[in-house]
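*Asks:* Below are the structure tokens for one structure; questions will follow.
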Amino acid sequence: MTPEPADACCGPAESSHREEHEELPPWWRDRALTLPVASGLLWVTGLVLERMGLEVVGLVVFALGLAAGAWTFVPSTIKRLFTASGRGKLGVGLLMTIAAIGAVLLGHVGEAAALAFLFSIAETLEDRAMDRAQQGLRALLSLIPETARVSRLTGEQTIPAAEVREFDVLIVGAGERVATDGVVTDGRSWVDTSAITGESIPVEIGPGDAVLAGSVNGSGTLHIEATADGRDNSLTKIVHLVEQAHANKGERARMADRIARPLVPLVLIAAALIAAFGFLIGDPGTWIERALVVLVAASPCALAIAVPVTVISAIGSASKFGVVIKSGAAFEQLGTIRRVAFDKTGTLTRNQPQVVTTHTASGHTEADVLGLAAALEAASSHPLAEAITTAAPHRVEAVEVQEHPGHGLTGTVDGRRVRVGSPRWIDPQTLTQEATELAGQGMSIIVVETDDRVAGVIGIRDELRPEATEAITVLAVQGVSTVMLTGDNTRTAEAIAAQAGIDEVHAEQLPADKAEHIRQSAEQTPTAMIGDGINDAPALASATVGIAMGVTGSAAAVESADVAFTGHDLRLIPDALAHARRGRAIMTGNIALALAIIVVLFPLALFGVLGLAAVVLVHEIAEVIVILNGVRAARPKRRVYSSASLTVHPNSDWFLLPKQKSL
């Protein structure tokens, strides 16, 4: 649902919002603008009639314009006085209502009409801006087709996409969208996932490959077994996460609240004191009028929306290029990051490790070593386990298998006690030199032990992602340092880090070690942790910002993270950081402008330099500027960049790339 904008941070505004999936109409057909526009036309007409000397007729037209504009905020303000509690009653609408009533009582109906028109049009534009920011997010749901073809025992059927259930077999033709997440069971094709993951290059898929909801099929026909219901897939999860983002306010939103909340009652008190001063000096008319002008001059309209419009716009637009930000606080913190910590397996690497070589001890064969390791690893979900089970020519059964997190596995195979794990847990003994050489080549080492004697060592290598070096280079240009945290041995980690260009390496880290390192780093400098496995969850939770690679990955990692990438392109990281920095700059500018307007207008109103109409005009123009500035955050300048052509624009986090185009 579209969140309700706060009325000066003093409670939800009563302005009506469109239903969740209602299309946002163009402004000239937006019924919400009817009363504000009518109010403006009547006010202008009143001014013309007044200039023509038809003052009585002009007064009537002013009154009609006042009624049209006031109808958009006065009823909700009065309702709040009787239904809200505490300072929730004291919204900006109350200040405007008092100012309008006071202006009428003083005979300034034209100025009251101007106030009603400008305030109503600004409030309506604010609502429209919030709706527009949300609409970009809701549009993601349109990527799911309305119907899906499924294969049933009775033949092919077409059903609503929402009725697709797990294990249904979808038939997806050329150019059709995939209704829910699934795994290809038959057929080969290319799929375009750019709308979901932000990855612009189509991906070749075949049997066994996973496909995300909303992906567009290429030229081939695919049979896909659904792994999620039509109403609960990766795409609906993205929308849900982002819609929940606005409940957790960021630092700047809280700062705006801290300023705006006490400001409304303080303005009321100041206005009362100014009016009382008029009675003391015997000129109540002049000073009551100035008190009303002060009510408007010091109202925190722009301050109340300085952050929400920006945050909603920025988070919604980030989701379109594959970055799901789960809270306003996370978005603001993302813009402060100056250090990024990477997990290795599955994050920096492809997460498709393969057995490269096997060294055996006396009395064992390569097939024997791989078979023993595969027997224990059969029940493990670790990527290295899959590499071993795939490479094993045959597998025997293991019993009493136990997992030791961060170390390895133990079990019994044909009556023999078997341990499989890293060299830091199991001494390679006679194969220490071979293990050292494999580690020096950037391989992960698995030691296999039977009855306390080493049977062999297995060298497994997971190739670096092709874009990893490019992403690390861009981070360095942005002034962001990088560090790798991995459970692998030091030599393997250093080999991968050198290939990627990472500044610092901490190897042989248990999950608790990663979390502690991240905690200490975050205390010194804003630090982001990027991972995708369940063992990364503690570190993700300890970071300034935790980033999970892929919302369809480990549930524990996604739950612990503040940000999730729908894809695995590491170049999303510098894109996301730059997007967040730009959003923070926009928010800071909005807050500064809102405060400057109050500081400048207050003395001008107090000493009678500006009248009610002038103050209202300046105030509402400032509010519109804040809204438009906030909406700018919805236009990220994501780039396709190449390390060879990377240059930095002065005083900017963005990159100028010759012969490259923005996405």
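The values are calculated or read from the model by the stated rules, or taken from the named source; none is laboratory data. All values derive from a computational prediction rather than experimental measurement. A quick note on method: Cβ atoms are made from the backbone with ideal geometry, for glycine too, and the neighbour counts reach across all protein chains shown. The area values use the complete protein model at the heavy-atom level, side chains included, leaving out ligands, DNA and RNA. Shrake-Rupley method; radii C 1.70, N 1.55, O 1.52, S 1.80 Å.
*Asks:* Check off (1) closer than 26 Å to Gln441 by Cα; (2) touching a Ser or Thr at 6+ places or on another chain (Cβ under 6 Å); (3) free of Cβ contacts under 8 Å to residues at least 24 places away in the same chain for Ala500 and give me the number that stays unchecked.
*Replies:* (3)
*Asks:* Among the residues of region 358-379, write down those that are under 21 Å from Ala439 (Cβ atoms) and modelled with pLDDT under 80.
*Replies:* none
*Asks:* Could I ask something else about it? List the strands (runs of 3 or more DSSP E) inside region 388-491, counting only whole elements, that have at least 2 residues being in contact with a Pro (Cβ under 7 Å, 6 or more places away or on another chain) and either open to solvent by 20 Å² or more (accessible area, probe 1.4 Å) or more than 30 Å from Arg581 (Cβ to Cβ) (or both).
*Replies:* Working: elements: 399-404, 408-413, 416-421, 444-450, 453-461, 481-485.
Strands (runs of 3 or more DSSP E) meeting the threshold: 444-450, 453-461.
*Asks:* Starting from region 337-351, take each residue that is farther than 15 Å from Gly501 by Cα and of a type in the set (Gly, Ala, Ser) and list its partners that are part of a helix (DSSP H, G or I) and open to solvent by 10 Å² or more (accessible area, probe 1.4 Å), counting only C-beta distances under 9 angstrom and pairs at least six apart or across chains.
*Replies:* Gly346/Pro383
*Asks:* Another question, if that's okay. Whether any residue in region 157-180 is over 30 Å from Val626 (Cβ atoms), at pLDDT below 85 and hydroxyl-bearing (Ser, Thr, Tyr) is what I want to check. Full working, then the answer.
*Replies:* Keep residues of region 157-180 that are over 30 Å from Val626 (Cβ atoms), which gives 157-180.
Among the residues that remain, those that are also at pLDDT below 85 are: none.
Checked region 157-180: no residue is over 30 Å from Val626 (Cβ atoms), at pLDDT below 85 and hydroxyl-bearing (Ser, Thr, Tyr).
*Asks:* Are any residues in region 442-492 acidic (Asp, Glu), modelled with pLDDT of 90 or more and more than 22 Å from Arg338 (Cβ to Cβ), and if so, which ones?
*Replies:* Residues of region 442-492 that are acidic (Asp, Glu), as a first pass: 449, 451-452, 462-463, 467, 470, 488.
Restricting the remaining residues to those that are modelled with pLDDT of 90 or more gives 449, 451, 470.
Glu449, Asp451 - these are the residues of region 442-492 that are acidic (Asp, Glu), modelled with pLDDT of 90 or more and more than 22 Å from Arg338 (Cβ to Cβ).
*Asks:* Further question: Which one is farthest from Arg461 (Cα to Cα), of the residues in region 496-505 that are among the small types (Gly, Ala, Ser) and surrounded by fewer than 20 Cβ atoms within 10 Å (Cβ to Cβ)? So that I can check it myself, show each step before the final result.
*Replies:* Restricting attention to region 496-505, the residues satisfying the condition of being among the small types (Gly, Ala, Ser) are 497-498, 500-501.
Imposing the further condition that a residue be surrounded by fewer than 20 Cβ atoms within 10 Å (Cβ to Cβ) reduces the set to 498, 501.
Values: Ala498: 15, Gly501: 18 Å.
If we take residues in region 496-505 being among the small types (Gly, Ala, Ser) and surrounded by fewer than 20 Cβ atoms within 10 Å (Cβ to Cβ), then Gly501 is farthest from Arg461 (Cα to Cα).
*Asks:* Can you report the number of residues in region 325-357 which are part of a strand (DSSP E or B), modelled with pLDDT of 90 or more and crowded, with 24+ Cβ neighbours inside 10 Å?
*Replies:* 3
*Asks:* Follow-up. Scan region 275-291 for residues that are among the aliphatic types (A, V, I, L, M), open to solvent by 20 Å² or more (accessible area, probe 1.4 Å) and closer than 18 Å to Val609 by Cβ and jot them down.
*Replies:* Within region 275-291, Ile288 is the sole residue that qualifies.
*Asks:* If I filter region 510-552 down to residues being modelled with pLDDT under 80 and in a loop (DSSP other than H, G, I, E, B), which single residue comes out as surrounded by the fewest Cβ atoms within 10 Å (Cβ to Cβ)?
*Replies:* Residue satisfying both the conditions and the ranking: Leu510.
*Asks:* May I pose another question? Has region 595-610 got any residue that is without any contact (Cβ under 8 Å) to a residue 40 or more places away in the chain and under 30 Å from Gly546 (Cα atoms)?
*Replies:* No, region 595-610 contains no residue that is without any contact (Cβ under 8 Å) to a residue 40 or more places away in the chain and under 30 Å from Gly546 (Cα atoms).
*Asks:* While we're on this one: Quick one: count up the residues across region 28-65 that are of a type in the set (Lys, Arg) and more than 43 Å from the chain's Cα centre (by Cα).
*Replies:* Filtering region 28-65 down to residues of a type in the set (Lys, Arg) leaves 29, 31, 51.
Subsequent filtering for residues that are more than 43 Å from the chain's Cα centre (by Cα) retains 51.
The number of residues fulfilling the criteria is 1.
*Asks:* Tell me the residue from Val311, Val307 that is touching a His at 6+ places or on another chain (Cβ under 7 Å), of a type outside the set (Lys, Arg) and more than 21 Å from Ser521 (Cβ to Cβ), please. Spell out how you get there, then give the answer.
*Replies:* Details: Val307 fails: touching a His at 6+ places or on another chain (Cβ under 7 Å).
So the residue among Val311, Val307 that is touching a His at 6+ places or on another chain (Cβ under 7 Å), of a type outside the set (Lys, Arg) and more than 21 Å from Ser521 (Cβ to Cβ) is Val311.
*Asks:* For region 569-627, which residues satisfy the criterion of being open to solvent by 10 Å² or more (accessible area, probe 1.4 Å), at pLDDT 85 or above and outside any helix (DSSP H, G or I)?
*Replies:* Arg571, Phe607, Val609 - these are the residues of region 569-627 that are open to solvent by 10 Å² or more (accessible area, probe 1.4 Å), at pLDDT 85 or above and outside any helix (DSSP H, G or I).
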